[in-house]
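Derivation of every value follows stated rules applied to the coordinates shown; laboratory data play no part. This structure is a prediction, so every number in the text was calculated from the model and none was measured. Here Cβ is always computed from backbone atoms with ideal geometry, including for glycine, and neighbour counts include all displayed protein chains.
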Amino acid sequence: MSALSIRPVRSKADRKAFVDFAWEVYRDDPAWVPPLKSEVHALLDPNHNPWFGHGRAELFLAERDGRVVGRISAQVDDLVQDRMPATGQWGFFDAHDGDTAAALIRAAEDWLRVQGMKHALGPISLSIWDEPGLLIEGFVETPLVMMGHHRPEYRQWIETAGYEKAKDLYTFALDIRIDMIPVIDRLIKSGEKNPRIRIRDVDKSRFDEEAALVLDMLNDAWSDNWGFVPLTEAEIAYAGKKLKPIIVGDLVKIVEYDGDPAAFMITIPDVNEMIADLNGTLFPFGWAKLLWRLRKVTTRRVRVPLMGVRKKFHNSRLASQFAFMLIEFTRRVCVSKYGVYFGEFGWVLEDNQGMMSIAQLPGAGVNHTYRIYTKKL
């Protein structure tokens, strides 16, 4: 076998090769959905992604005979250090073979050591808010928007490199036509009769203000979760801008308790269905196709990527009541107004007992498992 070289990305052509490599790896995989290349480039660009305000990254290409055969990122997030000192991460991991995979992981680890890191987590691309974890179960079904897809052999290659499980993340699929079981239905109806509880739709005419409110609740609700990294003000604005085109007003709901925002749930159409035939590019006709498809919910599937209840309500009956009311109110709209019958909930940390119990709704089951690995450097 020809000699393998690992080198950092330095030029615009290198960056293009880094992004484009996914198309070579997954071109024959029917479950892979080509992401929009412009979105991937923006994610990796310090001039666009505010993550780089508190993080730094190095991208690597693996080459053999002048041909790209693998890629990986290595990154250090200063905000991660507050909760996991001396812990770096790697992601965007793809390779044609085990030898290349091993060399790429070593290159990422070496870079992390130079940065003073003593532990590595991966794959995470680039942050816990982007695409965390390696797909280890659920390879046949196409992932929904904002979730990753990987080759089955990656698991062995990563574990051979000395990595062990840190956490598993689950997504749950469910037929949302199935009614709630009586005990949950009674809880929902009780909440509907409670004058202190109000469920409202997000107001898209005040989108920036509403996005900031929701993401503030998210930072509070998720603050005790493993791997949590708070979104900065710049990231909140950036996330709001990215989400706005796919937000449907009556699918994003806020719970107010005594007039104060207490919980939220974001449900979005499966954008992967909208972009699957675009092959990653919006030119020359992709823009028109996507804008047309974004006019209304026409996807077969919807996903709940984010849900949260303010921390002061955790471990109370109200937390469950808020959550089930949000789910039920959204379910009604999906079925009666949009004719959507398939929903996905997650990701959910394996040891987040509160969310795990909520996610296991009638007719629900785990459809994808993602694993984040750890290793002492």
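Observations
- Each of Met117, Val40, Thr267 was placed along the dipole of the chain (beta-carbon charges, centred on the mean Cα), and the one lying farthest toward the positive end is Thr267.
- Order of Trp111, Trp347 - criterion: other Cβ atoms within 10 Å of each residue's Cβ, fewest first: Trp111, Trp347
- Members of Lys118/Lys165; Lys165/Lys312; Lys37/Lys244; Lys12/Lys242; Lys253/Lys312 lying beyond 22 Å, as alpha-carbon distances in this model show: Lys165/Lys312; Lys12/Lys242
- Ordered by the count of other Cβ atoms within 10 Å of each Cβ, fewest first, Tyr373, Tyr26 give Tyr26, Tyr373.
- When both bridge partners sit in the chain, DSSP labels roughly 90% of those beta bridges antiparallel.
- For the chain, alpha-carbon Rg relative to the globular expectation (2.2 N^0.38 Å, N residues): 1.00
- Each Lys and Arg Cβ is given +1 and each Asp and Glu Cβ -1; about its Cα centre, the chain then shows a dipole of about 640 debye.
- For segment 300-373: Kirkwood Rh in Å [reciprocal of mean 1/r, alpha carbons]: 13.6
- Pairs of alpha carbons in segment 172-242 whose separation is greater than 15 Å (percent): 71
- For segment 133-178 and segment 34-94, distance of Cα centres in Å: 19
- Cα shape, segment 36-161, gyration tensor, a/c 1.5 rule: rounded
- Restriction of the trypsin sites (Lys or Arg not before Pro) in segment 1-73 to DSSP coil positions whose beta-carbon has at most 14 other beta-carbons within 10 angstrom yields Arg10, Arg27.
- For the chain, the relative contact order comes to 23 percent (Cα pairs under 8 Å, sequence separation of at least 6).
- Net charge of Cβ neighbours under 10 Å - reference Ile197; Lys, Arg +1; Asp, Glu -1: 0
- Ranking of Trp129, Trp222 by neighbouring Cβ atoms within 10 Å, starting from the fewest: Trp129, Trp222.
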